[in-house]
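**Q** Starting off with a structure, shown below.
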Amino acid sequence: MKIIRTVEEMSNISGQCLQNNQIIGFVPTMGYLHEGHLTLMRRAKEENNIVVASVFVNPLQFGPNEDYDAYPRDLQRDERLAKSVGVDYLFCPTVQEMYPDEMTVEIKVKKRVDVLCGRKRVGHFDGVATVLVKLFSIIRPHHVYFGLKDAQQVAVVDGLIKDLNLPITLRPVKTVREEDGLAKSSRNVNLTEAERQEAPFLYQSLVEAKERIFAGERDPDVIIAGIKQFLQNKVNGKIDYVEIYSYPELKPQTRLTGKIIIAIAVQFSKARLIDNIILELKGGM
């Protein structure tokens with residue numbers, strides 16, 4: 001695995017790969033890698049000739065009340081883990097390298113951002129879209145990999161690729177879970193022992209909701225109320241939201257139909273956990 005630190009070198013390497021008719025798979029990350037990231041990289045390795053991963057903590061997606069400097073970083077560990085799963089090139093630019101001058105163009109995401117986590121993080125997905133357009137332009141991948149644990153981000157990337165006619169195929173990958181169902185996340189280490197025992201109930205609440213839907217319930221308000229009641233009985237964390245939308249459009253429904261997402265967020269003492277399931281409902285069910 002080769003470590004790349006400049007835009008020029010990364011762009012040149014990508015150009016050589018494309019000239020050699022090699023298929024490039026790309027996994028963008030902000031580092032501090034965990035099993036979820038490694039699953040994306042393994043999937044990319046299976047489906048492409050060349051795998052590029054990036055480690056870049058993007059300042060544009062941090063809001064005024066979010067501490068960019070406090071974001072966890074361990075580049076040596078990231079390098080070791082990325083190498084272990086077969087990444088060919090790890091792109092690790094500095095902020096100065098990615099944003100040498102003040103931006104003259106602003107990317108604004110208009111849809112799919114005013115719900116779920118995006119409701120409280122105004123401008124967050126503008127920053128995500130901006131850095132992705134830059135990374136896509138530098139690396140020129142054929143396929144890009146994102147985990148469905150952050151399903152809203154996947155929805156935004158889907159819109160970005162389609163709206164800008166980018167020659168990239170989005171590869172969403174299912175959420176990686178612990179044996180007890182808890183979605184893997186770097187935030188899990190911040191749970192107390194008691195909270196860690198409660199955390200799997202987030203996924204269990206979603207599984208129960210899925211069973212009610214497949215049994216015939218189609219009223220989203222009924223499903224949401226059931227999830228909230230379940231969580232209130234099982235966890236001491238504060239429910240941030242329980243929401244149901246069409247997916248990937250993220251539009252509200254009065255009656256559940258088609259492809260939907262059920263998403264939840266719970267704030268524990270030092271960790272805010274999110275989870276979701278995506279269901280495909282057939283007509284007449």
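**Q** Once you have the Kirkwood Rh of region 2-173 from its Cα pairs, apply Stokes-Einstein at 20 °C and 1.002 mPa s and quote D in µm²/s. Please list the in-between numbers first.
**A** Numbers: Rh = 16.4 Å.
For the chosen part, D equals 131 µm²/s.
**Q** Suppose each label sits 7 Å from its Cα in the direction of the beta carbon; what would the residue 255-residue 21 distance come out to in nanometres?
**A** About 5.3 nm, to one decimal.
**Q** Under the 0.36 nm per residue contour assumption, what length would be gained going from the current alpha-carbon distance of residue 236 and residue 282 to full extension? Mind showing how you got there, number by number?
**A** Numbers: separation 46, 0.36 × 46 = 16.56 nm, distance 3.57 nm.
Using 0.36 nm per residue and subtracting the Cα-Cα distance, I get 13.0 nm.
**Q** Identify all lysines with a Cα-Cα distance to residue 83 below 19 Å; exclude those on the same chain that are fewer than 8 residues away in sequence.
**A** 2, 45
**Q** Run through every distinct alpha carbon pair of region 186-279 and return the Kirkwood hydrodynamic radius in angstroms, one decimal place.
**A** On the way: mean 1/r = 0.0736 Å⁻¹.
It works out to 13.6 Å.
**Q** Right, something else. Can you tell me the Rg and the Dmax, both Å, for the Cα atoms in region 236-285?
**A** 13.1, 43
**Q** Calculated FRET efficiency, residue 211 and residue 106, Cβ-Cβ r, R0 41 Å, to nearest 0.05? Please list the in-between numbers first.
**A** On the way: r = 45 Å, r/R0 = 1.09.
My answer for the efficiency is 0.40.
**Q** Taking the alpha-carbon distance from residue 282 and a cut-off under 27 Å, which lysines remain once sequence neighbours fewer than 8 residues away in the same chain are dropped?
**A** Within reach: 111, 149, 162, 174, 210, 228, 251, 259.
**Q** Rank by packing, highest mean first: peptides 225-235, 192-202, 36-46, with packing defined as the count of other Cβ atoms within 10 Å averaged across residues.
**A** On the way: 225-235: 15.3, 192-202: 17.0, 36-46: 20.7.
Packing proxy ranking, top to bottom: 36-46, 192-202, 225-235.
**Q** Within region 70-107, list the residues whose amide N lies under 20 Å from a label point set 7 Å along Cα→Cβ of residue 49.
**A** 86-91
**Q** Using a Förster radius of 35 Å, what is the FRET efficiency between residue 83 and residue 164 based on their Cβ-Cβ separation? Nearest 0.05, please.
**A** On the way: r = 32 Å, r/R0 = 0.92.
With a Förster radius of 35 Å, E is 0.60.
**Q** Report the paramagnetic label zone for residue 267: residues of region 208-246 whose backbone N is under 16 Å from a point 7 Å from Cα along the Cα-to-Cβ axis.
**A** Residues 236-242 qualify, since their backbone N sits under 16 Å from the label point.
**Q** Rounded to the nearest 10 degrees, what's the angle between the helix 201-214 long axis and the longest principal axis of the chain, both from Cα atoms, 0 to 90?
**A** With rounding to tens, the tilt is 70 degrees.
**Q** Quick check: Cα centre of region 163-204 to Cα centre of region 233-271, how many Å?
**A** Taking the Cα centre of region 233-271 as reference, the centre of region 163-204 is 14 Å away.
**Q** In Å and from the alpha-carbon atoms only, list the Rg and Dmax of region 36-92.
**A** 13.4, 41
**Q** If you take every residue apart from residue 227 with its C-beta less than 14 Å away from the C-beta of residue 227, what net charge results, scoring Lys and Arg +1 and Asp and Glu -1? Can you show the working numbers first?
**A** Values: positive: 210, 212, 228, 234; negative: 208, 211, 217, 219, 221, 240, 243, 275.
The answer is -4.
**Q** Next question, about the same structure. Could the peptides 257-265, 206-214 be put in order, highest first, of the mean number of other beta-carbon atoms found within 10 Å of their residues?
**A** Values: 257-265: 19.4, 206-214: 15.7.
Per-residue mean Cβ counts within 10 Å order the peptides as 257-265, 206-214.
**Q** Rounded to the nearest 0.05, what FRET efficiency do residue 70 and residue 114 give with R0 = 22 Å and r taken as the Cβ-Cβ distance? Could you check? Before the final figure, lay out each step's value.
**A** Details: r = 26 Å, r/R0 = 1.20.
That gives a FRET efficiency of 0.25.
**Q** If you average the alpha carbon positions of region 70-134 and of region 3-69, how far apart do those two centres end up, in angstrom?
**A** First find each Cα centre; the distance between them is then 10 Å.
Rule-based calculations on the coordinates, nothing more; no lab input. The shown structure was predicted, so the numbers you read here are calculated from the model rather than taken from an experiment. Glycine gets a Cβ as well: all are built from the backbone with ideal geometry, and neighbour counts include every protein chain shown.
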